[in-house]
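Structure, as structure tokens:
The values are calculated or read from the model by the stated rules, or taken from the named source; none is laboratory data. Just so it is clear, the model here is predicted, and its values are computed rather than measured. Every residue, glycine as well, gets a Cβ built from its backbone with ideal geometry; the counts of neighbours run over all protein chains shown. We work out accessible area using only protein heavy atoms, side chains counted, and drop any ligands, DNA or RNA first. Shrake-Rupley method; radii C 1.70, N 1.55, O 1.52, S 1.80 Å.
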Amino acid sequence: MDIDKELEALFDDPLLKMSKEEESLFDIPQDMRRIIAKKKADYVAQHKLCENFDDYKPLFAKVHQELKEGRRSLVKINKTATLTAGRYYFVGGQMLLLEQIGKLKKSSNSLPDARTRCIYENGTESDILLQTLRKNVVGDGYAISELQEEVDAQFFNNSDITTEDKVTGYIYVLSSLSDNPVIKQEKNLYKIGFTTNSVEQRIANAENDPTYLMAPVKIVATYKVVNMNSQMFEDLVHQLLMSVQFQVTVFDEQGKEHQPQEWFVVPLPVVDVIIKKIMDGTIVGFTYNPQLECLEKRVVKNKSTFDTTGMKVLTLNIKKVYFDEIMNGEKKIEYRELKQTTLNKYTYIDESDGKRYLRRYDALRLFVGYHKDRESALVQVTDTTYNNGIVEYHLGLILERI
């Protein structure tokens, strides 16, 4: 059998022949061809091997260590945040260093954009666009806070406490000396508790107390609590670390079952930082990230505190570039086109004479875009004018900015 002749006969079959009309069904319109050609021409950033990764490897290890020591923390950023060269970020669970940002130019959404050089902890690098990276960090990642100076290991020296200060108790951190394999194998297992007496007195009978896992314990750290509700202090620690509370069942000498509540699986340096942040009042801005074993700074949305009772306030959405110009005092008038759809928003008909007049507002509440964590401001309106189909709001003082 001649295969070549068989194939030639098959392709010459009249059933496979198509008319010009039929061929046109498989043709691609010119406008679609241009779009496809454009997409093919677009440059797509690719990961490639970082040839000098040995220079960066110890830096990543150092940042990971600083996170576990509580000297750095994770920060959820909003959609308007700006990324900075030299800073570290997490995307999809992987740390990267934004090593360099190229020459900035405006993107299609008017935001500054540029090619970057990003070094990833897996030994690769990429020249991903800055705005693409920002979207990735916002959607599935974190910024990593800048390094804080190490603080002293103790909260208070004796010289810090005056005769007017009252020591209301002690916070203590303990490790277990239990022979129970489940307890013994657990790394970073600590009990965080409170006592009004000395810690040594409190743990004197630990091996017979279910609270201490029916075993001797070792004092790892103690903190004097001065001029403070110590029980509230303890509750804050436990609330923050609830996700890493150690679940274990122990039995007392009578065989009664107990589930101790004050043991947590968390690195000791992080415990130290948590307690210090409670003392200085900054802990409210943090949660604990058990996957990465470090503190995560929460983005808390500010709420308006300006009393607008009795004021007429017009709410408008505005682009970031114009919002910044108003905040900087560069833009003094906000313009709005009078359309059929906005006629009742900007004007009204006076029933006494049947004529249409401009609505007068005392202030504009300006919002940047539509996302939930958007910036906003309350700006005074000093005058409202009309010119060739455009309503002009003359701006005065910035009454509030969020």
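Loop-located GluC sites (Glu not before Pro) across segment 325-386 with a Cβ neighbour count of 10 or fewer within 10 Å are Glu330, Glu351, with loop assigned by DSSP. Peptides 213-220, 261-268 ranked from most to least packed, by the mean per-residue count of other Cβ atoms within 10 Å: 261-268, 213-220. For segment 189-260, the solvent-accessible area of protein heavy atoms averages 53 Å² per residue (probe radius 1.4 Å; ligands and nucleic acids excluded). For segment 65-76, backbone phi angles converted through the Karplus equation (6.51, -1.76, 1.60; θ = phi - 60°) give residue-by-residue couplings of 5, 5, 5, 6, 8, x, 7, 10, 9, 7, 9, 6 Hz, Gly and Pro being listed as x. Of all beta bridges that DSSP places with both ends in segment 283-391, some 75 percent have antiparallel geometry. Checking the Cα-Cα distances for Lys68/Lys276; Lys184/Lys218; Lys105/Lys297; Lys105/Lys320 against a 19 Å cut-off, the pairs over it are Lys105/Lys297. Each peptide in 191-200, 338-347 receives the mean, over its residues, of other Cβ atoms within 10 Å, and ordering these scores from highest gives 191-200, 338-347. Close amide H partners of Glu400, meaning residues 5 or more places away or on another chain with modelled amide H under 5 Å apart, are Leu378.
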